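Read-outs throughout are calculated quantities, based only on the coordinates presented, and are distinct from any laboratory measurement. Because the structure is predicted, anything quoted here is derived from the model rather than measured. Here the Cβ positions follow ideal geometry from the backbone for every residue, glycine too, while neighbour counts run over all protein chains shown.
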């Protein structure tokens, strides 16, 4: 796993720890380089704003680090698994982005209750079996963390899952499918 583009392009990122035989010891499934590359190409084509990024279900931090590498000013990483929090911090150190980020060792649900301010880009990559993911995104869309006309929301999910057409004021504008993975991108005009 590596950073695809930007100032940290080509830097290798640490992945989830593995047990004997190469089996992952956590349930983390990092986004593939192909999926990350396609997502950020789509975000660039849409003119997404990378000023302030929120990476929910951050895992290794690869999505948020990709945004930082591509010019984001700041990224908050939310990950409940303490082992993966350490991996995110190591990856921030490896890429030199530690001063532009904060890692929150809490659940995504708690983050939506506690975080403040507005984000211009929200990246979410929950486990594919995480049933309340769409409801959580609805809660996010109705929160003060996002603003129509300024925020883009990207949710990675299983390719078999049918995305919701809208999340509150946010409309589905693009679905990217790659193998077993899909990313639904939502945006809203400031009408």
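Tell me, what is a quarter of the convex hull surface for the C-alpha atoms of region 120-163, in nm² with one decimal? Show your work: numbers first, answer last.
On the way: hull surface 12.4 nm².
For region 120-163, the mean projected area of the Cα convex hull comes to 3.1 nm².
Cα extents of the chain along the three principal axes, largest first, in whole Å?
Extents along the principal axes, in whole Å: 51, 34, 31.
At q = 0.27 Å⁻¹, what log₁₀ I(q)/I(0) does region 53-93 have when each alpha carbon counts as one equal point scatterer in the Debye sum?
Cα-only, vacuum Debye calculation for region 53-93: -0.86.
So if R0 is 22 Å, what FRET efficiency would residue 106 and residue 138 give, r being the distance between their Cβ atoms, rounded to the nearest 0.05?
Numbers: r = 20 Å, r/R0 = 0.89.
E between residue 106 and residue 138, to the nearest 0.05, is 0.65.
Can you say what percent of the DSSP beta bridges in region 1-111, counting only those with both residues inside, are antiparallel? Round to 5. Spell out each step's value before the answer.
Working: 2 of 11 bridges.
The antiparallel fraction comes to roughly 20 percent.
How high is the relative contact order of region 145-191, in percent, counting Cα pairs under 8 Å that sit 6 or more residues apart?
49
For region 65-158, compute Rh as the Kirkwood radius over C-alpha pairs and then the Stokes-Einstein diffusion coefficient at 37 °C and 0.692 mPa s; write the answer in µm²/s, rounded to an integer. Could the numbers behind the result be given before it?
Numbers: Rh = 14.1 Å.
Translational diffusion coefficient: 233 µm²/s.
Would you calculate the separation in nanometres between label points at residue 41 and residue 11, each defined as 7 Å from the Cα along the Cα-to-beta-carbon direction?
2.4
On C-alpha positions alone, give me the angle between the axis of helix 82-95 and the longest principal axis of the chain, in degrees, nearest 10.
With both axes taken from Cα atoms, the answer is about 90 degrees.
With runs of 4+ DSSP H residues as the only contributors, calculate the mean residue ellipticity of the chain at 222 nm using -39,500 (n - 2.57) per run, divided by the residue total and rounded to the nearest 500. Walk me through the intermediate numbers first.
Values: 5 runs with 52 residues, N = 191.
Result for the chain, helices only: -8000 deg cm²/dmol.
Express the relative contact order of the chain as a whole percentage, based on alpha carbon pairs under 8 Å and six or more residues apart in sequence.
Working: 385 pairs, mean separation 34.6, N = 191.
Reported relative contact order: 18 percent.
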